[in-house]
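Quick notes on the structure that follows.
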Amino acid sequence: MLEIKDLQKSFQKDNGIESRVLKGLNLIIADGEFVTVLGNNGAGKSTLFNLISGTILPNEGTIYLDHEDITFMPEHKRSKFIGRVFQSPMKGTAPHLTVAENMALAYGRQNRKNFNWALTRPLKALFREKLAEAGMGLEDKLDSKICDLSGGQCQVVALIMCTIKPPKLLLLDEHTAALDPRTAEDVLAFTSKIIAKDHLSALMITHHLEDAIAFGDRLVMMDDGVVAHDFAGAEKAELTTEQLRTLYHLRES
Amino acid sequence: MSLVIGSLQLGLIYSLIAMGIYISFKVLNIPDLTAEGSFTFGMAVMAVCVTGGHPLVGIFLSLLAGALAGLVTALLHTKLRIPAILSGILTMTGLYTINLMVMGGSSNLTLIGVTTIYDLAGGVLPFTFTIAKILISLVFAAIVIAVLVAFFKTNCGLCIRAIGDNEEMARSSSMSVDLYKTLGLIVSNALIGLCGGLIACDQGYADMTSGAGMLVIGLAAVIIGEAFIRRRTILAGLLSCVLGSIIYRLILAVAVSTRMFPAYAMKLLSAIIVAIALSIPAYKYYKENYQLKKRKKHA
């Protein structure tokens, strides 16, 4: 369970003006809940993700994961149990290492035995099996370098890397935004399959209104540094893109 | 013939510094300038050990000396957040004093008449001293390659490679970037220290100025090797360091033996070789652009 209490973050701009990005955000994500996050540019979505994963630290407020305070835990420690897939396909993988090597790095995230062999036969078999689940022919590319894969394949590898040891929380940062519509569909379908299979708690940022409605159990809309709207269950099922569009326009006027 | 044998033997020893530089520059992607300091540090430590009658201890201590230099640079870089280039320069500068201290305040120390690792093994092996020297150097290079290839196949080694490739990914995959960068720099400089120690044994003296230009020499070997061996696995990379190092020595030997250049022109030649090798991508870029522009003119 992720519990965020009164989270505040402001950045000092070059000209000395302080810009408050998060203004006391509260959010609770139950175990196994898949939440889509909408919001206009500058609403604080990415800042929220950066705070949860620890790349930056908040000015005020606390973040609990499974009742443990992780507000100030170093990034590499919390990435043991928080997986994150980025928008750019190249960001979540080491491009000049092979698929298998990348998987081995991800596999070791919770309990890295530094002086054991990184790649063994049983491990490779496991990786092949996991890659085959995606149905993109990746199981035959175990020894190809990541930079030789397509963008969609890259994102699938990144996604498998984040979930090969099921994390307590999965952060999807517009992870299909850089893909063509067809591939984006495939990657999204695979995403929701993995989330359902391992009962993962997940947060997914998207600008795609249809996706935000179609995927997940709950939809959160951020505005001006707080959660402005929160739809779950039947309420979410009945949402239309028109309604969401109105919410965006409402803010502008 | 003696030219080739001489280049082969020197090339094999200098391949250690090439491998060290390969690890920092190519694998870790950190421009580490500690090399010139750690090279002399290893040399000084070895000289003191050998004159004290401990040639074998000298090998371990020169490794350790290099490792220590690498550790200092790594701490300056990761913990104090000083840019890598400056961290290396700081360590290198500081080491100048340390090296003088190690050698008891004198700027050079002769090893003539004392038993080095080469004399030790050369006396046992049933070959002429020149061949024995090549064999010993070859053994060192082979052991180092075997250990490094194995090391880079462990989780620890893989993490070092990943950090050189994509630091952000490393952080989000729960790797302590600082730890692995430090380990990588320690391994790199340990090799460079050992190289310094072996060079002292080979040339028969340790000199404070020996480290000058070592970085460029190592880099030259790495670049030349890359031109010959295209595969980019760790094993191929290390082998290309050895090959590059030998070819580099050969080029220098030929250049000097033609008597077109005096022996002291070596450093300038190395710098020119490296500059040319490093500018090949730029040359290709200009050439391609030029051809594209020409096509437009004709149309």
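The values are calculated or read from the model by the stated rules, or taken from the named source; none is laboratory data. What you are looking at is a predicted structure, and each value in this text was computed from that prediction instead of being measured. Here the Cβ positions follow ideal geometry from the backbone for every residue, glycine too, while neighbour counts run over all protein chains shown.
Is it the case that region B:204-225 has a residue that's polar (S, T, N, Q) and away from every other protein chain (no Cβ under 13 Å)? Scanning region B:204-225 turns up at least one residue that is polar (S, T, N, Q) and away from every other protein chain (no Cβ under 13 Å). Can you work out which of the residues in region A:56-72 that are farther than 20 Å from A:LEU200 by Cβ and assigned to a strand (DSSP E or B) is farthest from the other protein chains (Cβ to nearest Cβ)? Result: A:GLU60. For the structure I just gave you, tell me whether A:LEU38 is within 15 Å of the chain's Cα centre (by Cα) and away from every other protein chain (no Cβ under 14 Å). Yes; evaluated as a whole, the condition is true for this residue. When residues in region B:227-270 are screened for being of a type outside the set (Val, Ile, Thr) and either more than 16 Å from B:ILE17 (Cβ to Cβ) or within 14 Å of another protein chain (Cβ to nearest Cβ) (or both), 21 of them pass.
Within region B:13-58, the set of residues being under 11 Å from the mean Cα position of the chain (by Cα) and over 26 Å from B:ASP165 (Cα atoms) comprises B:ILE13, B:TYR14, B:PHE39. Of all residues in region B:194-213, those that are farther than 15 Å from B:SER137 by Cα and either touching a Cys at 6+ places or on another chain (Cβ under 8 Å) or crowded, with 24+ Cβ neighbours inside 10 Å (or both) total 2. Only one entry of B:SER107, B:SER87, B:SER137 meets the criterion of being modelled with pLDDT under 95, of a type in the set (S, T, N, Q) and more than 16 Å from the chain's Cα centre (by Cα), and that entry is B:SER107.
Which pairs turn up if I take residues in region B:196-224 that are without any contact (Cβ under 8 Å) to a residue 24 or more places away in the chain and look for partners that are crowded, with 19+ Cβ neighbours inside 10 Å and not small (Gly, Ala, Ser) with beta carbon separation below 9 Å, at least 6 apart in sequence or on another chain? Matching pairs, first to second residue: B:GLN203/B:LEU111.
Test B:SER240 against the stated conditions and say whether it is farther than 30 Å from B:THR115 by Cα, buried (at least 21 other Cβ atoms within 10 Å of the Cβ) and of a type in the set (S, T, N, Q). Reasoning before the result, please.
Numbers: farther than 30 Å from B:THR115 by Cα: yes; buried (at least 21 other Cβ atoms within 10 Å of the Cβ): yes; of a type in the set (S, T, N, Q): yes.
For B:SER240, the condition - farther than 30 Å from B:THR115 by Cα, buried (at least 21 other Cβ atoms within 10 Å of the Cβ) and of a type in the set (S, T, N, Q) - is met.
Note on region B:118-169: residues that are small (Gly, Ala, Ser), away from chain A (no Cβ under 14 Å) and surrounded by 18 or more Cβ atoms within 10 Å (Cβ to Cβ) total 4. Elements of the type strands (runs of 3 or more DSSP E) sitting completely within region A:170-253 and holding at least 2 residues that are on the phi < 0 side of the Ramachandran plot, out of contact with any Leu (no Cβ under 8 Å at 6 or more places or on another chain) and of a type in the set (S, T, N, Q): there are none.
Out of A:GLY216, A:GLY225, A:GLY233, one residue alone is over 23 Å from A:ALA106 (Cα atoms) and in contact with a Gly (Cβ under 6 Å, 6 or more places away or on another chain). It is A:GLY225.
Pairs are defined by a Cβ separation below 6 Å, a sequence spacing of at least 6 or placement on different chains, a first member in region A:108-120 that is touching a residue at least 40 places away in the same chain (Cβ under 8 Å), and a second member that is in a loop (DSSP other than H, G, I, E, B); the pairs so defined are A:ARG109/A:LYS80; A:ARG109/B:SER173; A:ARG109/B:SER174; A:GLN110/A:LYS80; A:GLN110/A:LYS165. Of the residues making up region B:184-202, none is away from every other protein chain (no Cβ under 14 Å), assigned to a helix (DSSP H, G or I), farther than 26 Å from B:LYS267 by Cα and at pLDDT below 95.
Results for (1) free of Cβ contacts under 8 Å to residues at least 60 places away in the same chain; (2) in contact with a Pro (Cβ under 8 Å, 6 or more places away or on another chain), shown as yes or no for each residue.
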residue: B:ASP32; (1), (2): no, no
residue: B:THR51; (1), (2): no, no
residue: B:GLY66; (1), (2): no, no
residue: B:LEU71; (1), (2): no, no
residue: B:THR115; (1), (2): no, yes
residue: B:THR128; (1), (2): yes, no
residue: B:ILE136; (1), (2): yes, no
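Taking every residue in region B:80-91 that is without any contact (Cβ under 8 Å) to a residue 12 or more places away in the chain and pairing it with any residue that is buried (at least 18 other Cβ atoms within 10 Å of the Cβ) and among the aliphatic types (A, V, I, L, M), at least 6 positions away or on another chain, the pairs with Cβ-Cβ distances below 9 Å are B:ILE82/B:LEU76; B:ILE82/B:LEU90; B:LEU86/B:LEU33; B:LEU86/B:LEU76. Count of region A:103-130 residues, restricted to those that are in contact with a Gly (Cβ under 9 Å, 6 or more places away or on another chain) and within 22 Å of A:THR183 (Cβ to Cβ), is 1. Taken over region A:130-150, the criterion of being more than 21 Å from B:LEU158 (Cβ to Cβ) and buried (at least 17 other Cβ atoms within 10 Å of the Cβ) is satisfied by A:ALA134, A:MET136.
Of all residues in region A:108-129, exactly one satisfies the criterion of being part of a helix (DSSP H, G or I), within 26 Å of the chain's Cα centre (by Cα), within 14 Å of another protein chain (Cβ to nearest Cβ) and surrounded by fewer than 16 Cβ atoms within 10 Å (Cβ to Cβ), namely A:LYS124.
Which residues, taken from region A:178-193, are within 18 Å of B:SER172 (Cβ to Cβ) and either among the acidic types (Asp, Glu) or surrounded by fewer than 21 Cβ atoms within 10 Å (Cβ to Cβ) (or both)?
Taking region A:178-193 first, the residues within 18 Å of B:SER172 (Cβ to Cβ) are A:178, A:191.
Passing the criteria: only A:ALA178.
I'd like to know if region A:42-50 contains one or more residues that are of a type in the set (Val, Ile, Thr), within 14 Å of chain B (Cβ to nearest Cβ) and surrounded by 22 or more Cβ atoms within 10 Å (Cβ to Cβ). The answer is no, given that none of the residues of region A:42-50 is of a type in the set (Val, Ile, Thr), within 14 Å of chain B (Cβ to nearest Cβ) and surrounded by 22 or more Cβ atoms within 10 Å (Cβ to Cβ).
For (1) within 7 Å of chain B (Cβ to nearest Cβ); (2) surrounded by fewer than 21 Cβ atoms within 10 Å (Cβ to Cβ); (3) of a type outside the set (A, V, I, L, M, F, W, C), each residue gets a yes or a no:
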position: A:PRO74; (1), (2), (3): no, yes, yes
position: A:GLY83; (1), (2), (3): no, no, yes
position: A:PHE86; (1), (2), (3): no, no, no
position: A:PRO89; (1), (2), (3): no, no, yes
position: A:THR98; (1), (2), (3): no, yes, yes
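B:LEU179 - would you say it is in contact (Cβ under 8 Å) with a residue 24 or more places away in the chain and either within 14 Å of another protein chain (Cβ to nearest Cβ) or surrounded by 20 or more Cβ atoms within 10 Å (Cβ to Cβ) (or both)? Even if it seems obvious, please write down each step before you answer.
Numbers: in contact (Cβ under 8 Å) with a residue 24 or more places away in the chain: no; either within 14 Å of another protein chain (Cβ to nearest Cβ) or surrounded by 20 or more Cβ atoms within 10 Å (Cβ to Cβ) (or both): yes.
Answer is no for this residue.
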